[in-house]
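Values quoted throughout were computed directly from the atomic coordinates according to the rules given, and no laboratory measurement underlies them. Because the structure is predicted, anything quoted here is derived from the model rather than measured. Here the Cβ positions follow ideal geometry from the backbone for every residue, glycine too, while neighbour counts run over all protein chains shown.
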Amino acid sequence: MGQPHSREEGHPQLPPGQRLQRGWPVTHYGPVPKFRPERWEFRAFGATKDGGKHCWTHEEFTALPYATVVADMHCVTKFSMLGAEWGGVRTQTILDLAPPAPDVTHVMVWAEYGFSSNLRLDDFAAENCIFATHRSGELLTAEHGFPVRLIVPQLYAWKGPKWVRGIEYMTADRRGFWEERGYHNLGDPWREQRYSYQEEPGEGPEL
Ligand SMILES: Nc1nc2c(c(=O)[nH]1)N[C@H]1C(S)=C(S)[C@@H](COP(=O)(O)O)O[C@H]1N2
Ligand SMILES: [Mo]
């Protein structure tokens, strides 16, 4: 209820301007990184509550409480996949284990090769936001982000990096990889926040 219907498809789950995509295409910029378990760690750093850095090895990360979430995925290039089941570690679990300082407002999610995306703390902390290791009960493939990718169901999919390596707590907003390159700082598909030129004053740091 309350969600606008897409005029193109007449489908209540499709945000405006999106079309339904069957299957699950692979979409990203750059090469697929090779996973090296002995070198991999997941870090929470920046403005943490205790001022320290929190690290998990792959073994430790996969031992964290496992949750599942059903979520849609909307690519800003106008296709959407509906109703996938993601399994992994809720962002809330990471926030509990590595709490941010009280003045943290934003989170930068860092992935392999320096890919990044910035999120408002509230978007990052959303109940359905999950560091996915699985889809439909199966381990992610390398192309889809193995070992860990973020799913932020309420935002365009570029806000969910594949091959995540850590999060940085920030006390001010800063643009991530695509947000610096013409994409909207907030990325709400229901408001069609696709491009940075659409940003209203206060919706993003100066370009
Ligand atoms: N590291 C990284 N993650 C990324 C991207 C990227 O370029 N690099 N692209 C994003 C975009 S635009 C989309 S639509 C989704 C696609 O996820 P999929 O390939 O699993 O369908 O990944 C997102 N995560
Ligand atoms: Mo995308």
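Roughly how compact is segment 127-207, stated as its Cα Rg over 2.2 N^0.38 Å to two decimals?
Normalised by 2.2 N^0.38 Å, the Cα Rg of segment 127-207 equals 1.20.
I want to verify a result. In a Gaussian network model of the chain, Cα cutoff 10 Å, which of these has the top mean-square fluctuation: Val70, Val109, Val152?
Val70
I'd like to know how segment 38-198 sits against the 2.2 N^0.38 Å rule of thumb: what's its Cα Rg over that expected value?
Cα-based Rg divided by the globular estimate yields 0.97.
So how strong a dipole does the chain carry about its Cα centre when Lys and Arg Cβ are +1 and Asp and Glu Cβ are -1, to the nearest 20 debye?
540
Cβ under 11 Å from Glu143's Cβ, Glu143 left aside: what net charge do those residues give with Lys, Arg +1 and Asp, Glu -1?
Values: positive: Arg149, Lys162; negative: none.
Neighbour charge sum, excluding Glu143 itself: +2.
Can you give the longest run of the chain that contains no trypsin sites (Lys or Arg not before Pro) sitting in a DSSP loop with at most 16 other Cβ atoms inside 10 Å?
Counting at most 16 other Cβ atoms within 10 Å as exposed, the longest clean stretch of the chain is 79-173.
What's the FRET efficiency of Arg191 with Lys34 using the Cβ-Cβ distance as r and R₀ = 45 Å, to the nearest 0.05?
E(calc), rounded to 0.05, equals 0.75.
Taking segment 132-183, which GluC sites (Glu not before Pro) meet the DSSP loop condition and have no more than 14 other C-beta atoms within 10 Å?
Hits after loop and neighbour filter: Glu143.
Quick one: net charge of Pro25's neighbours, Cβ under 14 Å, K/R +1, D/E -1?
+4
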